[in-house]
Amino acid sequence: MSGSTLAENRPGFSSFKTGSDPIHYQHRWHRDALIQLTLDPTITALRRISDPVSGLPSEISGALIAFHGSAPVLVGLADQAIEVKPSVVSGLPFVALTRQEIRTDPRVTTARTIWSTRAIQVAPGDRIRILQRLTNQPAGLPILTLQEEVRSSAEDPINCILALVCDGLLSIDASRHLTPETIVSRCEMPSRDHTGAGP
């Protein structure tokens, strides 16, 4: 995930958290990690790493910057189990996510299911009604209840709600199975001010 020509030839991942520069990844499971990080409401932005990072453990096959609010964290993607004590790499707090952790169900299946709806076009009226309903319900509503606000879109109402999650307008727990009781809440507007790439 460097800024080299080799990295630029790898697949790129873009979401409402990545800004204008896609994050290039080496393995298919890296994409799953990027999807899960995008759907994690505690993370406000994701950024690619523009230059190679020294000091990473040998198990790490990819890395990126994740922001918690305005605080950047270096996230390493490990192909195998790894023990990481609290540490700093390239001046940033460092954490590692493993392939096994990312590919565990129901987390991986639920995140993929949500992300598969990202291209669905939600009618403006439906989007406004959903957001207004949740403005009055700060704790969120069950997805089955919220689907009542989808009246104009041609797509399945549940998929319309999930598409708004992919847009960063709604938040959902993507680590569990989707059920009628799954709670959907409104997000603050996505942060756009984490500019530039990491170290």
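The values are calculated or read from the model by the stated rules, or taken from the named source; none is laboratory data. Bear in mind that the values here come from a model prediction, so they are computed numbers and not experimental data. We place every Cβ from the backbone using ideal geometry, glycine too, and count neighbours over all the protein chains shown. Please note that ligands, DNA and RNA were not included when accessible areas were found on the heavy atoms of the full protein model with its side chains. Shrake-Rupley method; radii C 1.70, N 1.55, O 1.52, S 1.80 Å.
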Check your understanding: Which residues does a label at Thr109 reach in the range 125-156, if reach means a backbone N under 20 Å from a point 7 Å past the Cα toward the Cβ?
Key -> 143-144
Check your understanding: With each pseudo-label sitting 7 Å past Cα toward Cβ, what's the Thr42-Arg151 distance in nm, one decimal?
Key -> 3.9 nm
Review point. Any idea of Ser61's accessible area? Nearest 10 Å², probe 1.4 Å.
Key: 20 Å²
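Run the dipole for the range 106-186 about the Cα centre, Lys and Arg Cβ at +1, Asp and Glu Cβ at -1, nothing else charged, and hand back the magnitude in debye, nearest 20. Walk me through the numbers before you get to the answer.
Details: 9 positive and 8 negative charges, 38 e Å.
With Lys and Arg at +1 and Asp and Glu at -1, about 180 debye.
Rank these by accessible area, largest first, 1.4 Å probe: Arg112, Arg118.
So, going from the largest accessible area down, we get Arg118, Arg112.
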Check your understanding: If you line up the long axis of helix 124-135 against the longest principal axis of the chain, both from Cα atoms, how many degrees apart are they, to the nearest 10?
Key -> 80 degrees
Check your understanding: Once every DSSP H run of n ≥ 4 in the chain is given -39500 (n - 2.57) and the sum is divided by its residues, what mean residue ellipticity at 222 nm do you get, rounded to the nearest 500 deg cm²/dmol?
Key -> -7500 deg cm²/dmol
Practice item. Could you tell me which of rounded, prolate or oblate describes the range 106-186, using a ≥ b ≥ c as the square roots of the eigenvalues of the alpha-carbon gyration tensor, with rounded for a/c under 1.5 and, failing that, prolate when a/b is larger than b/c and oblate otherwise? Key: oblate
Exercise for review: Percent of Cα-Cα pairs per 10 Å bin, from 0 to the last occupied bin, for the range 28-104, please list those.
Suggested key: 18, 56, 25, 0
Practice item. Using only alpha carbon pairs under 8 Å that are at least six residues apart, calculate the relative contact order of the chain and give it in whole percent. Key: 22 percent
Exercise for review: For the range 106-186, report the accessible area per residue in Å² (1.4 Å probe, heavy atoms, rounded to an integer).
Suggested key: 51 Å²
Exercise for review: Return one number: the angle in degrees, 0 to 90 and rounded to the nearest 10, between the long axis of the Cα atoms of helix 28-39 and the longest principal axis of the Cα atoms of the chain.
Suggested key: 50 degrees
